[in-house]
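Notes for the one structure printed next.
Quick note: the coordinates plus some simple rules give every number you see, no bench work behind them. A quick note: this is a predicted structure, and the numbers were derived from the prediction, not measured. Cβ placement follows ideal geometry from the backbone for every residue including glycine, while neighbour counts extend to all protein chains displayed.
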């Protein structure tokens, strides 16, 4: 899909930028936006020229003001519970969770540049991103208890991992909206920047990755860091680490990494995520890891 209506996608010099593009609605989330973001990620993951992805919101008011629940929005993400009786029905699935699961499975590093209000799904979608930056105007809210529902988008899995159970529960119990300073103190965001500088900082991080690292190494590292901590024993991580080191150390990227270091030059890694990942990837789909 390339004809997006509610997001903008730009690719330049190895960096893809996905912009939530409903500024007149404070970039409120709809099923259309969900579908387009998933399609954009499918396209980006298939593009070996893209080395990092930045997410931001159009305009200067909001990253995403949550789900658009208005009739004119045309994208209500919660189905009427009377429509189905079987809770295993596909229509019951949360749209925010569909998106964060797709982000979780990304082969590219994901950077959030939160440029304003981010509540509900606007906050929880960022939890599946790897590095979260905030403008000094950003405001966050896990407001579900104030709407009579519960945290969605797999956030009960992501949020405690990022900020700890106590902080996660406080924010979700209260449902209050809080500023970027509290988000940073609570370890939700890496750093705070003037809004006019936010995208430059995000692009600088993406540029550092794109210019200096092996795409295969980064993709493997992302998968390992998100999945290995959930194992029952460090031996689970050791098994994956050992296989990865063994395979990658004999690959073309490792040879180039060593050669470029010894020759004091910029690396030119030949490996492609689409074709050159190690033979045991994706390891978590194998029966021994389930």
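Some observations on this one:
- Rg [Å, one decimal], Dmax [Å, integer] - region 139-182, C-alpha atoms: 9.8, 27
- Highest-first packing order for the peptide set 226-236, 123-133, 23-33 is 123-133, 23-33, 226-236, based on the mean count of other beta carbon atoms within 10 Å.
- In plain terms, the residue of 255, 199 with the fewest other Cβ atoms within 10 Å comes first and the most crowded comes last, giving 255, 199.
- Our Cα-only numbers for region 200-290 put the radius of gyration and Dmax at 14.8, 43 Å.
- Helix 215-227 axis versus longest C-alpha principal axis of the chain: approximately 50°, rounded to the nearest ten.
- Structural descriptor for the chain: relative contact order 15 percent, calculated from alpha carbon pairs under 8 angstrom and at least 6 residues apart.
- The mean sequence distance of close C-alpha pairs (under 8 Å, at least 6 residues apart), as a share of the length of region 214-289, puts its relative contact order at 37 percent.
- Estimated distance in nm for a label pair at residue 266 and residue 181, the labels positioned 7 Å out from Cα along Cα-to-Cβ: 4.0 nm
- Axis angle, to the nearest 10 degrees, between helix 95-104 and the longest C-alpha principal axis of the chain: 10 degrees.
- Stokes-Einstein, applied to the Kirkwood radius of region 135-278 over Cα pairs at a viscosity of 1.567 mPa s and 4 °C, places its translational diffusion at 70 µm² s⁻¹.
- Under the simplified labelling scheme, the residue 252-residue 190 pair shows an inter-label distance of 2.9 nm, with each label point 7 Å from Cα along Cα→Cβ.
- Angle of helix 165-174 to the longest C-alpha principal axis of the chain, folded into 0 to 90 degrees and rounded to 10: 20°.
- Computed over the chain, the percent of Cα pairs more than 37 Å apart is 16.
- DSSP beta bridges fully contained in the chain are about 30 percent antiparallel.
- Point-to-point label distance, residue 232-residue 166, nm (Cα→Cβ direction, 7 Å offset): 3.0 nm
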